[in-house]
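The values are calculated or read from the model by the stated rules, or taken from the named source; none is laboratory data. Keep in mind that what you see is a predicted model, and the values were worked out from it rather than measured. When we count neighbours, we look across all protein chains shown, and the Cβ atoms used for this are built from the backbone with ideal geometry, even at glycine.
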Amino acid sequence: MSWDDKLLKQAKKIIKLYPQKRSALGPLLHLAQSKDGYISDDSISVISDLVGITEVQVKSVSTFYSMYKQEPTGKYLLSVCKSISCEINNSSEVINKVQEFTGLNNNETDEDELFTFEAVECIGACGGAPAVQVNYETVEGVTPENAINMCKWLKETKPDVVVADEMQENFGGVKSFDWAIQDNSGSTSTAPGFQTLNTTKVKK
Amino acid sequence: MSEKVNLNVNGLEIESDPNKLLIEACEDSGIHIPRFCWHKRLDPVGMCRMCLVEVETPRGKMLVPSCTTEVSDEMVVDTESDVVKKAQEGVLEFLLINHPLDCPICDKAGECPLQDQTMAYGPGESRFVEEKRHFEKPINISEIILLDRERCILCARCTRFSDEISGDPLIEFIQRGNKTEVNTFPNEPFKSYFSGNTVQICPVGALTSTSYRFKARPWDLKSIRSTCNGCPTGCSIELNSSQNKMLRILGVDNDAVNQGWMCDKGRYNFEYLNSDSRLKTPLKMTDNELVEIEIQDVYSELAEFIKDRQTKVNFLLGSNLTNEDYVAFREFSNTISKSERSFYLNDDLLYKGFFGENIELAKIDDLNSSDAIVVWAEDLKEKLPVLYLRIRQAVKNGVKLVVFGHTNETLSDIADVFYGKDMVSENFEILKDLSKMKEINNLVAGKNITAILGKSTPYQSDESVTKLFEFLNSNANSKVLNAYSKGNTYGAFQTLENLKGLNDFVNDISKDNTDLLFIVGADPIGRSVYSNQIKSIIKSIDTVVTLDNFNHETSELSDYVVPISSTLGEKEGTFTNIEFRTSRIDKLVPSPGQTLSDWEFITSLMNFAGLTVETNSLEDLNRKAYENLDSSLSPVFDNLDKPSNLDGMINIFNPKIAASENKLNKTMFFTGEKLYGDSATERHSDSISMLGSKKFIEVSESVAEKYNLTSGSCILAQDELEVTVSYEVNNSFPNDLVYIPTNRRELNKFDFSREIMIIPSQVKEALNVN
């Protein structure tokens, strides 16, 4: 088993939330991703043991969803939306600038393992197009210039936690609407920030 | 039966059971709807969209997939409208986008649903000019199955089969959208006893077997329907040959028995028929060497013996004979001696079983209609694989399952109650009072149950199974399926009296009561726990005649070896399965050299010896086999060949089994057999020869600890015999238990009633260095 006790404990906690073990598959894959930055075959074997399905069944789910990465990602996963609303609001220029700055093509990771860049389909922030996600923390109304500034900031300060609201304040523009409750937690890895996954920290 | 519903399909009024799928209802009424993903025995998924039909709805006519739509009363359906045709053309054009045009080299071409339906329903031309997707041409997803992902149309039949039917989902869709492919997990091959079925149900040539790949074209194949004689399940099969060589076996959908499925051993253990090592001429032991001899000389030399009324003759019969062969031996035996005689079956697990006037015997189909199934037998997945599938199916339909014994762990994951090592001791005794066990009483008491009973190992006492049987019989409305696991055992039951097993053979037979011993289709030295004892018995007997397909350890000690034709594909006859269903075994290919059927040999021998022969032909023997049955119900060829009886005829029967209880002392070792072994036929079937060649044992956790087993292998030693084996730790075993699969040569040579030493290989190495 390549998972340490802490992670296994976490996994068992997640499994308990569901009436059937295999229902915990999704969150467990996020957990695996928070550990390695991608879903490794080792993690798949661990998860298959934990939830009692075969490895290939886990693999099938993990390769179906694009948020589960099959290759290692950098510290920051930059997802720029390329769908219709963002495209109309000049996301292609954002994409160009980010690619220029990072020197990355789509789905590539740089040598320092700092950035992974991807142009993605709709991330549900059409009201604030163009939108960008850093480790699944959404920033709206991002101009090409601000996109560069954000990348520079990430590169220079290398924050361990990225927080949507903070980035929105510094690099965002028009916001569609306030997302539900105020959330000043952030994401600590390339998996979405969830309390149950321990991939978030409440900032003081 | 609930009321029928009426539908209008293409202007015709048809009737159907409610809750039926539209595609099935149409099929039953002779209206064919094209399909790829839908399969009668699998859950519908609606993946391929080929079965779109127009159905009238309150919102007008709509295209719906008929494989996921249930029929309803007064439904109006059109399966041939212009809209449907356009939809079918569209679907096929999409399916063909990525399908390679390699039909000229594809094994499926000629019997390919994609090819056929493109001809019948396709658009005729493609507008696709881009590059098709490419994958590495066939990859081995197991030792016997190849996958060509380019050809796959993603119907999910194989993945659903492995998940729903066989319960070993080791293949799945990987990736999605245009990149979707079927594959295994890296380094986790599609190791399944049932993998061959996926090849059979694949609607394109994506899944192929190493056995049949590039061997023939479907239009060159000759085929005939027969029955598999590998185990008493008796699956209905279709044999395929080309140029007089058997090339393939397919499962036939016999609703009451195998429902189209087969195990891989049944499917691929035919290749030995074409082996060059087959015995083709009779042999005689001359100066410690088997040399060729004319069959006439065999007859005349043996006839001399038989003419002498003082000659004492005995028979050890294998389980792969036809009922007619068994009758021939019975007639022979009756003719040479009027006194009562026992027949010995080559089965180290034969015991009395549960038969009698007060015991109701079950049919395989009863599994589906009972409230609960109770199993205590050998591991059914290893010994009666398709019966195991039928149990899985019943459980899926809501039947409760109670499983006893650590040897049945393959059923434990679907069992409602599994009584493993806490309940069944290492001596195979039930440890606790059943009437006080809440779980089983809740599931069984007063219910209709089917009990599958047998012995897990030769060392299990008759009494322990009887205890369970009596509990079930007094608490529930129970039917019994006796789980004997060897070939045509039930045919022997039906045709021979006073049957005994190998332990009786060892106790009874000696040179004092046997001058002439016939060993037919059996290698008890190479494959039984009594190997050594039988070896010395055979050596002591004056004349031993072996009839078999190959030379093996037993034939090498015989005085005469007669080559016989194989029951699979080279003989006609009948076979009786576990529910006393008798069905046809048919001949497709000629048998090689001077091989004969067993009955031909025996009948000729009788004629040579000048004995009165009443049964001179196969038909005579066939009639003789069932002479005590009412002629219209009797499974004679005339009746079996009627279309309504193709699936076989059931005549429940109470056999006379004279086997005595096995009195072996059990040490910590117990024996059994795995599905794959290294018997002569398996060794000579290339596709599966490697599957049963690995020598291994299973040990309980405590044994692994006690003997410090860490290196993955160890040495079993007794007297002069040393065998290196790998071991697997089996957590379901009680303490101090070791399992040895005896259908591997060498592993059956130990004297299991005495201690066998386990030496970890690291210790042995250290000894060798010193």
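Counting the residues of segment B:702-721 that are loosely packed, with under 14 Cβ neighbours inside 10 Å and either under 24 Å from residue B:675 (Cα atoms) or touching a Cys at 6+ places or on another chain (Cβ under 6 Å) (or both) gives 1. Part of a helix (DSSP H, G or I) and either under 22 Å from residue B:553 (Cα atoms) or modelled with pLDDT of 95 or more (or both): does that describe residue B:492? Spelling it out, residue B:492 is indeed part of a helix (DSSP H, G or I) and either under 22 Å from residue B:553 (Cα atoms) or modelled with pLDDT of 95 or more (or both).
Out of B:63, B:92, B:52, B:42, report the one residue that is under 26 Å from residue B:217 (Cβ atoms) and outside the structural domain of residue B:260 (by TED's automatic domain parsing). Exactly one residue qualifies, and that residue is B:92.
The residues listed here are B:548, B:512; of these, the one that is modelled with pLDDT under 95 and over 30 Å from residue B:756 (Cα atoms) is B:512. Restricting segment B:750-770 to residues that are under 32 Å from the mean Cα position of the chain (by Cα) and surrounded by fewer than 18 Cβ atoms within 10 Å (Cβ to Cβ), the residue that is nearest to residue B:403 (Cα to Cα) is B:753.
Taking the criterion of being of a type outside the set (A, V, I, L, M), in contact with a Gly (Cβ under 7 Å, 6 or more places away or on another chain) and within 15 Å of residue B:123 (Cβ to Cβ), the only residue of segment B:50-101 that qualifies is B:89. Among residues of segment B:254-278 being more than 13 Å from the chain's Cα centre (by Cα), within 21 Å of residue B:394 (Cα to Cα) and not polar (S, T, N, Q), the one that is surrounded by the most Cβ atoms within 10 Å (Cβ to Cβ) is B:256. Scanning segment A:64-84 for residues that are away from chain B (no Cβ under 12 Å), assigned to a loop (DSSP other than H, G, I, E, B) and under 19 Å from residue B:177 (Cβ atoms) turns up A:67, A:69, A:71, A:82, A:83.
Answer with yes or no whether residue B:129 is in contact with a strand residue (DSSP E or B) (Cβ under 8 Å, 6 or more places away or on another chain) and among the hydrophobic types (A, V, I, L, M, F, W, C).
Working: in contact with a strand residue (DSSP E or B) (Cβ under 8 Å, 6 or more places away or on another chain): no; among the hydrophobic types (A, V, I, L, M, F, W, C): yes.
No: the conditions fail for residue B:129.
Among the residues of segment B:400-420, the one identified as over 22 Å from the mean Cα position of the chain (by Cα), surrounded by 18 or more Cβ atoms within 10 Å (Cβ to Cβ) and among the charged types (D, E, K, R) is B:400.
When you check residue B:208 against the structure, is it touching a strand residue (DSSP E or B) at 6+ places or on another chain (Cβ under 6 Å), of a type in the set (S, T, N, Q), part of a strand (DSSP E or B) and touching a residue at least 12 places away in the same chain (Cβ under 8 Å), yes or no? When the stated conditions are applied, residue B:208 passes them. Determine whether residue B:688 is closer than 27 Å to residue B:408 by Cβ and in contact with a helix residue (DSSP H, G or I) (Cβ under 7 Å, 6 or more places away or on another chain). Criteria met by residue B:688. Of the helices (runs of 4 or more DSSP H) lying entirely inside segment B:630-704, the ones with 3 or more residues being outside the structural domain of residue B:142 (by TED's automatic domain parsing) and touching a strand residue (DSSP E or B) at 6+ places or on another chain (Cβ under 9 Å) are found at B:637-640.
Residue count for segment B:516-567 under the criterion of being among the polar types (S, T, N, Q), in a strand (DSSP E or B) and under 19 Å from residue B:229 (Cβ atoms): the result is 0. Of the strands (runs of 3 or more DSSP E) lying entirely inside segment B:140-197, those containing at least 2 residues that are over 20 Å from residue B:107 (Cβ atoms), of a type outside the set (Lys, Arg) and facing chain A (nearest Cβ under 10 Å) span B:172-174. Looking at segment A:52-62, is at least one residue within 12 Å of chain B (Cβ to nearest Cβ), in contact with a Ser or Thr (Cβ under 6 Å, 6 or more places away or on another chain) and in contact (Cβ under 8 Å) with a residue 24 or more places away in the chain? Yes, the conditions are met somewhere in segment A:52-62. The single condition among (1) more than 25 Å from the chain's Cα centre (by Cα); (2) within 25 Å of residue B:352 (Cα to Cα) that residue B:528 does not satisfy is (1). On the stretch given as segment A:31-45, residues that are in a helix (DSSP H, G or I), more than 13 Å from chain B (Cβ to nearest Cβ) and surrounded by fewer than 24 Cβ atoms within 10 Å (Cβ to Cβ) total 3.
If you go through segment B:613-629 and keep only what is assigned to a helix (DSSP H, G or I) and without any contact (Cβ under 8 Å) to a residue 40 or more places away in the chain, you end up with B:619, B:620, B:623. Annotation note: of B:639, B:645, the sole residue that is free of Cβ contacts under 8 Å to residues at least 12 places away in the same chain and surrounded by fewer than 16 Cβ atoms within 10 Å (Cβ to Cβ) is B:645.
With the requirement that a residue be within 24 Å of residue B:349 (Cβ to Cβ), touching a residue at least 40 places away in the same chain (Cβ under 8 Å) and either in a strand (DSSP E or B) or not β-branched (Val, Ile, Thr) (or both), what does segment B:725-743 give you? Step through it out loud before you land on a result.
We begin by selecting, within segment B:725-743, every residue within 24 Å of residue B:349 (Cβ to Cβ); these are B:725, B:727-728, B:730, B:732-734, B:736-743.
The next check asks that each one be touching a residue at least 40 places away in the same chain (Cβ under 8 Å); those that pass are B:730, B:732-734, B:736-743.
Passing the criteria: B:730, B:732, B:733, B:734, B:736, B:737, B:738, B:739, B:740, B:741, B:743.
Reported count of residues in segment B:457-485, each being in contact with an Asp or Glu (Cβ under 6 Å, 6 or more places away or on another chain) and buried (at least 23 other Cβ atoms within 10 Å of the Cβ), is 2.
Across segment B:667-688, a minimum of one residue is classified as surrounded by fewer than 21 Cβ atoms within 10 Å (Cβ to Cβ) and over 24 Å from residue B:523 (Cα atoms).
The listed residues are B:71, B:9, and the only one of them that is closer than 30 Å to residue B:198 by Cβ and not assigned by TED's automatic domain parsing to the domain that holds residue B:261 turns out to be B:71.
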